[in-house]
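Student: Please see the structure below; I have some questions.
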Amino acid sequence: MTNPIIPKITLVGAGPGDPELLTIKAWKALQQADVVLYDALVSDDVLDMVRPGAILVDVGKRASKHTHPQEDINWMLVEYAMNHGHVVRLKGGDPFVFGRGYEEMAHAAMFGIKVDIVPGLSSCIAVPGLQGVPVTCRGINESFWVVTGTTRSGSISKDVELAAQSSATAVILMGMRKLGDIMDIYTALGKKDTPAMVVQNGSTPEEKVVLGRVHNLSERVAMADASSPGIIVIGDVVALHPQYKQAEPNYVALSKKGKVTNEHISV
Ligand SMILES: C[S@@+](CC[C@H](N)C(=O)[O-])C[C@H]1O[C@@H](n2cnc3c(N)ncnc32)[C@H](O)[C@@H]1O
């Protein structure tokens with residue numbers, strides 16, 4: 001007698017790309033999966049950790065060429081779970097940070113399928129962190145905003161302008177195509193000298209980092225030929241990057257509580 005299929009879904013965050021940044025729980029889920037549905041941002045190195053014999057399904061989505069619409073992915077999850085058992089839904093970063101993880105979970109719940117969550121390291125914190133740039137730093141800022149550069153309508157989120165009015169670090173995801181417009185918003189608010197950086201493919205061998213300020217970042221990014229997937233980080237904390245002094249020799253940061261410069265860090 002064959003065992004009955006017990007449908008189950010595990011929503012797993014794969015982190016920013018480096019397979020060593022997977023959690024132990026994520027690794028265990030990949031070892032136990034019957035099927036893995038993965039996104040474009042999941043690296044090959046991470047896929048190498050999937051149990052041999054598991055079915056791998058690429059449902060990768062990139063801004064202008066959707067391989068599968070979200071609705072199809074929702075249905076695929078349910079169908080694979082009902083026909084094969086344990087489905088791991090593997091997403092870049094954390095599934096609940098601009099990951100549509102909740103929609104997939106809610107869809108599965110309509111069919112009574114159990115969904116476990118395995119959070120991942122989100123690129124919004126991990127990618128700047130790997131550069132030595134903390135999203136918050138005592139004496140420099142009191143919050144950080146994670147904003148999407150691309151809303152459903154295709155326009156820039158109004159939250160970019162709100163973040164620009166604060167002293168927060170802004171971490172903008174999916175904003176590379178709007179980089180110039182985002183810098184214009186900061187410039188219009190008198191922040192053309194604010195430190196800013198772009199990191200493309202953070203934590204992977206293809207990583208590119210561009211450092212500068214609001215007024216010169218777009219030009220430097222074009223020269224470095226950096227594009228998606230990339231995050232944009234804007235705020236005084238960017239000046240703590242160990243190479244910031246080389247990139248912007250004249251930058252002197254003044255925090256509320258005194259002078260904070262990257263000279264505090266010896267490299
Ligand atoms: C659909 S969002 C998903 C975010 C993901 N859930 C997370 O928590 O990181 C995709 C965007 O995340 C950012 N991103 C994800 N991984 C990245 C990486 N390794 N390096 C730079 N940016 C990354 C880019 O802005 C990309 O366009």
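The values are calculated or read from the model by the stated rules, or taken from the named source; none is laboratory data. Model, not experiment: these values are computed from the prediction. Cβ placement follows ideal geometry from the backbone for every residue including glycine, while neighbour counts extend to all protein chains displayed. Keep in mind that these areas ignore ligands, DNA and RNA; they rest on the heavy atoms of the full protein, side chains included. Shrake-Rupley method; radii C 1.70, N 1.55, O 1.52, S 1.80 Å.
Student: Compare the Cα positions of Gln165, Phe98, Val238 along the charge dipole of the chain (+1 at Cβ of Lys, Arg; -1 at Cβ of Asp, Glu; about the Cα centre) and return the one farthest towards the positive end.
Tutor: So the residue we want is Gln165.
Student: So, one more: Just the number, please: percent antiparallel of the DSSP beta bridges in the chain, rounded to the nearest 5. Show your work: numbers first, answer last.
Tutor: Details: 19 of 43 bridges.
Antiparallel bridges make up about 45 percent of those DSSP assigns within the chain.
Student: Looking at Ala54, Pro19, Gly212, which one has the Cα that reaches farthest to the positive end of the dipole of the chain (charges on Cβ: Lys, Arg +1; Asp, Glu -1)?
Tutor: The residue sitting most towards the positive pole is Gly212.
Student: Any idea how far the Cα center of the range 13-39 sits from the one of the range 106-160, in Å?
Tutor: So the two Cα centres are separated by 18 Å.
Student: Extension gain Ala40-Thr2, at 0.36 nm per residue separation less the Cα-Cα distance, in nm? All intermediate terms of the calculation are to be shown ahead of the outcome.
Tutor: Numbers: separation 38, 0.36 × 38 = 13.68 nm, distance 3.50 nm.
That pair, Ala40 and Thr2, stretches by 10.2 nm at full extension.
Student: Over the range 123-264, what percent of the accessible surface lies on carbon and sulfur atoms, probe 1.4 Å?
Tutor: For the range 123-264, the apolar C and S fraction of the accessible surface comes to 52 percent.
Student: Oh, and also: Testing the spin-label approximation: label points 7 Å from Cα along Cα→Cβ at Ala109 and Glu142. State their distance in nm.
Tutor: Roughly 3.5 nm, to one decimal.
Student: Another question about this same structure. With respect to the cross-link table entries Lys158/Lys245; Lys25/Lys208; Lys91/Lys192; Lys208/Lys245; Lys91/Lys245; Lys91/Lys191, which display a Cα-Cα separation exceeding 27 Å?
Tutor: Details: Lys158/Lys245 32 Å; Lys25/Lys208 29 Å; Lys91/Lys192 35 Å; Lys208/Lys245 18 Å; Lys91/Lys245 35 Å; Lys91/Lys191 34 Å.
Listed pairs above 27 Å: Lys158/Lys245; Lys25/Lys208; Lys91/Lys192; Lys91/Lys245; Lys91/Lys191.
Student: For the chain, return all DSSP H helices satisfying: extent of Cα atoms along own axis at least 20 Å; mean Kyte-Doolittle hydropathy at least 1.0. Before the final figure, lay out each step's value.
Tutor: Working: long enough: 70-84 (21 Å, -0.55).
Helices meeting the span and hydropathy rule in the chain: none at all.
Student: Using helices alone, what [θ] at 222 nm do you get for the chain, with -39,500 (n - 2.57) per DSSP H run of 4 or more residues, divided over all residues and rounded to the nearest 500? Don't skip to the answer; put the middle values down first.
Tutor: Details: 9 runs with 74 residues, N = 267.
Helix-only estimate at 222 nm: -7500 deg cm²/dmol.
Student: Something else about it: Arrange the peptides 175-183, 44-52 so that the one whose residues have, on average, the most other Cβ atoms within 10 Å appears first.
Tutor: On the way: 175-183: 20.0, 44-52: 14.2.
In decreasing order of mean packing, 175-183, 44-52 become 175-183, 44-52.
Student: Mind giving me the FRET efficiency for Asp193 and Lys158? R0 is 30 Å, r the Cβ-Cβ distance, nearest 0.05 is fine.
Tutor: Numbers: r = 24 Å, r/R0 = 0.79.
With a Förster radius of 30 Å, E is 0.80.
Student: A further question on this structure: Using only the alpha-carbon atoms, what does the range 130-183 span along each of its principal axes? Please give whole angstrom values in decreasing order.
Tutor: 36, 24, 18
Student: Okay, moving on. Once Rh for the range 123-264 is found with the Kirkwood sum over Cα pairs, what is the Stokes-Einstein diffusion coefficient at 20 °C and 1.002 mPa s, in µm²/s?
Tutor: Details: Rh = 14.8 Å.
Roughly 145 µm²/s, to the nearest whole number.
Student: About the Cα centre of the range 123-264, how large is the charge dipole given +1 on each Lys and Arg Cβ and -1 on each Asp and Glu Cβ? Please answer in debye to the nearest 20.
Tutor: Working: 14 positive and 13 negative charges, 55 e Å.
Using only the charged Cβ atoms, the result is roughly 260 debye.
Student: Continuing with this model, one more query. Run the dipole for the range 8-118 about the Cα centre, Lys and Arg Cβ at +1, Asp and Glu Cβ at -1, nothing else charged, and hand back the magnitude in debye, nearest 20. Mind dumping the intermediate values first?
Tutor: Values: 11 positive and 15 negative charges, 43 e Å.
For this selection, approximately 200 debye.
Student: Among DSSP beta bridges lying fully in the range 1-151, give the percent that are antiparallel, nearest 5. Kindly include the intermediate steps, with their values, before the conclusion.
Tutor: Numbers: 3 of 22 bridges.
Restricted to the range 1-151, the bridges split so that about 15 percent are antiparallel.
Student: Under a plain spin-label model, where a point goes 7 Å from the Cα along Cα-to-Cβ, how far apart in nm are Thr204 and Thr151?
Tutor: Taking the two extended label points, one gets 2.9 nm.
Student: Could you list, bin by bin from short to long, the percent of Cα-Cα pairs of the range 8-118 in 5 Å steps?
Tutor: 2, 13, 26, 28, 20, 9, 2
Student: With charges only on Cβ, +1 for K and R and -1 for D and E, what is the dipole size of the chain about its Cα centre, in debye, rounded to 20? Present the calculation step by step, with values, prior to reporting the outcome.
Tutor: Values: 25 positive and 28 negative charges, 120 e Å.
Dipole magnitude for the chain comes out near 580 debye.
Student: State, as an integer percentage, the relative contact order of the range 8-118 based on alpha-carbon contacts under 8 Å between residues 6 or more apart.
Tutor: Working: 205 pairs, mean separation 46.2, N = 111.
Taking the mean separation of contacting Cα pairs over the length of the range 8-118, I get 42 percent.
Student: Over the chain, give the accessible area per residue in Å² for a 1.4 Å probe, as an integer.
Tutor: Numbers: 13730 Å² over 267 residues.
Solvent-accessible surface per residue comes out at 51 Å².
Student: Now for a separate question. How high is the relative contact order of the range 123-264, in percent, counting Cα pairs under 8 Å that sit 6 or more residues apart?
Tutor: Working: 272 pairs, mean separation 37.1, N = 142.
Worked out over the range 123-264, it gives 26 percent.
Student: Also, quick follow-up: Quote the relative contact order of the chain in percent (integer), defining contacts as alpha-carbon pairs under 8 Å separated by 6+ residues.
Tutor: On the way: 544 pairs, mean separation 46.8, N = 267.
With pairs under 8 Å counted, the relative contact order is 18 percent.
Student: Would you report the distance distribution of C-alpha pairs in the chain as whole percents per 10 angstrom bin, up to the bin with the largest distance?
Tutor: Result, from short to long distances: 7, 29, 30, 20, 11, 3, 1, 0 percent.
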